[in-house]
Structures are given as structure tokens and as C-alpha cells.
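S.K.: This is the structure I have questions about; it appears just below.
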Amino acid sequence: MGAPPVRVLVVDNYDSFTWNLVHLVHEALDGEAEVLVRRSRETSVAELEQLAPDRVILSPGPGDPSAPGGGGAGVSVEAVRALSGRVPLLGVCLGHQAIGVAFGARVVRAAEVVHGKAREVFTEEDPLFVGLARPLVAMRYHSLVVESVTLPPALRPIARAADGTLMAMRHASHPTVGLQFHPESIGTPEGVALVRSFLLLP
């Protein structure tokens, strides 16, 4: 009998890109994934823990996770605090910002609002980006960013835009990763490979 499929939990922040992420996970693992989707304002951290995922992905979505009541991100920030370090965790756009908030960074208005534009992302040496183009071309849809100067020592920047805007970060000691850009978009040509890299992180 082969190994059981990887159980990937996608926390849906009410975004039209969420199902693109689900499809991307299946494609990245050649269909060898069990993908569970829970909506962030209709679940609890306790339920997410009971699902016993092997990987967690926090989807994009509207809102500001640093706003009172989670700013539309539901349990996303709480989920990061509960699961980071226990389960490899990826945050995309709003999910990336939720990781920042969970660790004490600030979310602020971007110097440049970018919606639906593919831009170069300048990556650092990191296992996440092995084998990918440098710079990476990635689709961006956002008006908010994690303010990089407020990152705690536990989170380190691993990619930036040409103007220095933080585009990716990861925890210094375990696989908690945030991407401000959208790997699930057709405008990110290497999105499948990037998500596969995350899913295969030890």
C-alpha cells in the first residue's frame, strides 16, 4: 500500500482565487493530495486542528487582518498563532499579511497600489526558490503590505519588489512562509513549481 495522500488544509478568506489555489495544489502533487477547504469566518481554530492537516494554506482575500475583528480574515491570524511551527504553513496575499500580524509586524498601505500586474520579484537564496527563475515574475493584486521594518527577528525577508516592498518572508526556524504575490495566477508562470516547493518542505 502506498503512502496516504498529503492532507492540505486551505483556509478560504472569501476570495475568487481560492479555488485556483486548490487546483494548484492538486497539480503540484500530481493529484496525490487530499485538499480540505474551510471558510475563515465559518470555522474555528479547534476545528482546523481536529482536521490534522499535513500542510496549511491561508488564501488571499479582501480586508486588513490587522483591523479589529480580523478585518475579514476570520480565524487566519489565530490559526497562524496556533499552527505555525507545528504544521508547515503558507500564506498568500491576505494570508501573508495574517502571518505578519500574528508575529507582531504592521500591515500598512502600499506605496504603490498594484492590481493585476505581473512584476519581477527579487528572491534571496532559499530552499523555496531552488530551481526557479531569478528574478521571478509574479502576479500582484494588493493595496496593503507587511511593513518590512517591523518584522520581528523570527521572520526574515526572502523576496522583495524592485522598490524594496516585501514580497515574501519565512520563519527563521520552521516552514511558515508568506507570499505577497499570487502563485495561483496565470501571471505567475512558475506558480506550480513554487507551491510544490512549499508542499515538499520538510
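The values are calculated or read from the model by the stated rules, or taken from the named source; none is laboratory data. Predicted model, so just to flag it, every value in this text is computed and none were measured. No Cβ is skipped: glycine too gets one built from the backbone with ideal geometry, and neighbour counts run over all protein chains shown.
S.K.: Look at residue 184 and say whether it is assigned to a loop (DSSP other than H, G, I, E, B), touching a residue at least 24 places away in the same chain (Cβ under 8 Å) and acidic (Asp, Glu).
M.R.: Yes.
S.K.: Is it true that residue 86 is out of contact with any Leu (no Cβ under 9 Å at 6 or more places or on another chain) and either surrounded by fewer than 18 Cβ atoms within 10 Å (Cβ to Cβ) or within 14 Å of residue 178 (Cα to Cα) (or both)?
M.R.: The answer is yes for residue 86.
S.K.: Residue 111: at pLDDT 95 or above and at negative phi, yes or no?
M.R.: When the stated conditions are applied, residue 111 does not pass them.
S.K.: Just need a number here: residues in the stretch 151-166 that are surrounded by 18 or more Cβ atoms within 10 Å (Cβ to Cβ) and in contact with a Ser or Thr (Cβ under 7 Å, 6 or more places away or on another chain).
M.R.: Residues in the stretch 151-166 being surrounded by 18 or more Cβ atoms within 10 Å (Cβ to Cβ) and in contact with a Ser or Thr (Cβ under 7 Å, 6 or more places away or on another chain): 3 in total.
S.K.: Against the conditions (1) at pLDDT below 95; (2) within 16 Å of residue 97 (Cβ to Cβ), where does residue 117 fall short? Just the number, please.
M.R.: Unmet for residue 117, out of (1) at pLDDT below 95; (2) within 16 Å of residue 97 (Cβ to Cβ): (2).
S.K.: Can you find, within the stretch 58-87, the residue that is farthest from residue 142 (Cα to Cα) among those that are in a loop (DSSP other than H, G, I, E, B) and charged (D, E, K, R)?
M.R.: That would be 86.
S.K.: Taking only the stretch 19-53 into account, find how many residues are at pLDDT below 95 and crowded, with 16+ Cβ neighbours inside 10 Å.
M.R.: Final tally of qualifying residues: 0.
S.K.: Of the residues in the stretch 50-66, how many are aliphatic (A, V, I, L, M), out of contact with any Gly (no Cβ under 8 Å at 6 or more places or on another chain) and under 16 Å from residue 96 (Cβ atoms)?
M.R.: 1
S.K.: Does residue 90 meet the test of being more than 23 Å from residue 158 (Cα to Cα), within 13 Å of the chain's Cα centre (by Cα), in contact (Cβ under 8 Å) with a residue 12 or more places away in the chain and assigned to a strand (DSSP E or B)?
M.R.: No: the conditions fail for residue 90.
S.K.: Next question, about the same structure. For the stretch 1-49, what are the residues that are of a type in the set (A, V, I, L, M, F, W, C) and touching a Gly at 6+ places or on another chain (Cβ under 8 Å)?
M.R.: 11, 24
S.K.: Would it be correct to say that residue 70 is among the small types (Gly, Ala, Ser) and more than 27 Å from residue 197 (Cβ to Cβ)?
M.R.: Judged against the criteria, residue 70 is a match.
S.K.: Another question, then. Looking at the stretch 100-109, is at least one residue surrounded by fewer than 20 Cβ atoms within 10 Å (Cβ to Cβ), within 21 Å of residue 157 (Cα to Cα), in contact with a strand residue (DSSP E or B) (Cβ under 8 Å, 6 or more places away or on another chain) and free of Cβ contacts under 8 Å to residues at least 40 places away in the same chain?
M.R.: yes
S.K.: Assess whether residue 37 counts as being outside any helix (DSSP H, G or I), touching a Ser or Thr at 6+ places or on another chain (Cβ under 8 Å) and β-branched (Val, Ile, Thr).
M.R.: Yes; evaluated as a whole, the condition is true for this residue.
S.K.: Just the residues that are surrounded by fewer than 16 Cβ atoms within 10 Å (Cβ to Cβ) and either without any contact (Cβ under 8 Å) to a residue 12 or more places away in the chain or touching a Ser or Thr at 6+ places or on another chain (Cβ under 7 Å) (or both), please, taken from the stretch 5-18.
M.R.: Listed by number, the list holds a single entry, 16.
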